[in-house]
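Working notes for the structure below.
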Amino acid sequence: MTLPDDTAEEAERLTRRASEAVDPNEADAHRRRRDELLAEHGYTARVREDDDGDTLVLHPSDWLDDEGTVRMDRIDDVDNGVEVSLSGPGEADDWDATERHNRAAADRVTAEHGEVHGRTAHAFADFMGNHYAKPVEAATAGEVREFVEEYFPRNAWPTDEQSAVVEESVDLVRAAGDQLRDGA
């Protein structure tokens with residue numbers, strides 16, 4: 001028993017929609033639709049969370065016992081399981097909208113906190129838009145770490161001043177992204 005690729009892709013899309021939904025009823029509807037779709041193929045889903053981001057785990061329902069715990073003795077072929085990273089590139093249905101949003105968040109940081117934070121905020125907006133196609137506020141801990149430790153020192157040409165406050169700048173732009181998303 002294997003899960004068709006298009007079903008796994010739709011399960012991922014519905015899971016992302018559920019996590020992005022503001023209305024809890026909408027989120028539940030997306031998860032219900034995903035679960036119904038997977039059940040048609042004898043599969044189930046769960047989201048595994050860790051510091052590097054979330055992973056959608058899809059596997060045959062018969063791997064579970066009555067309490068919903070995976071029973072190792074029921075796994076006939078581990079290749080029947082599917083894992084999809086939810087912390088990688090987002091659904092860039094409208095990359096331009098994500099770019100405008102991230103740029104507005106960085107502009108807000110520049111206006112409210114000055115040029116030092118603003119330059120870093122714009123670098124983070126570039127990183128999130130170009131590497132992950134996600135809004136700045138949706139960055140996982142792993143993505144922030146990648147920006148701070150790898151991208152920023154090599155690609156942003158930071159000043160000593162910027163380097164000293166990089167984590168604060170990232171926090172500011174993520175907060176600005178949240179405010180813009182919430183209409184503030």
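Residues of the stretch 129-143 being in a loop (DSSP other than H, G, I, E, B) and touching a strand residue (DSSP E or B) at 6+ places or on another chain (Cβ under 8 Å), which ones?
T140, the sole residue that qualifies.
Of T69, T55, which residue is in contact with a Leu (Cβ under 9 Å, 6 or more places away or on another chain) and not assigned by TED's automatic domain parsing to the domain that holds E137?
T55
For R154, indicate whether it is assigned to a helix (DSSP H, G or I), surrounded by 13 or more Cβ atoms within 10 Å (Cβ to Cβ), outside the structural domain of A21 (by TED's automatic domain parsing) and not aliphatic (A, V, I, L, M).
Details: assigned to a helix (DSSP H, G or I): yes; surrounded by 13 or more Cβ atoms within 10 Å (Cβ to Cβ): no; outside the structural domain of A21 (by TED's automatic domain parsing): yes; not aliphatic (A, V, I, L, M): yes.
No; evaluated as a whole, the condition is false for this residue.
Quick check: is even one residue across the stretch 87-103 more than 24 Å from R32 (Cα to Cα), in contact with a Lys or Arg (Cβ under 8 Å, 6 or more places away or on another chain) and not charged (D, E, K, R)?
Checked against the condition, which is being more than 24 Å from R32 (Cα to Cα), in contact with a Lys or Arg (Cβ under 8 Å, 6 or more places away or on another chain) and not charged (D, E, K, R), the stretch 87-103 yields at least one hit.
Which ranges mark the strands (runs of 3 or more DSSP E) fully within the stretch 39-106 that have 2 or more residues being modelled with pLDDT of 85 or more and under 25 Å from the mean Cα position of the chain (by Cα)?
In the stretch 39-106, 43-50, 53-60 are the strands (runs of 3 or more DSSP E) which contain 2 or more residues that are modelled with pLDDT of 85 or more and under 25 Å from the mean Cα position of the chain (by Cα).
The values are calculated or read from the model by the stated rules, or taken from the named source; none is laboratory data. Because the structure is a prediction, the values reported are computed rather than measured. Quick reminder, even Gly has a Cβ in these numbers, built from the backbone with ideal geometry, and neighbours come from all protein chains shown.
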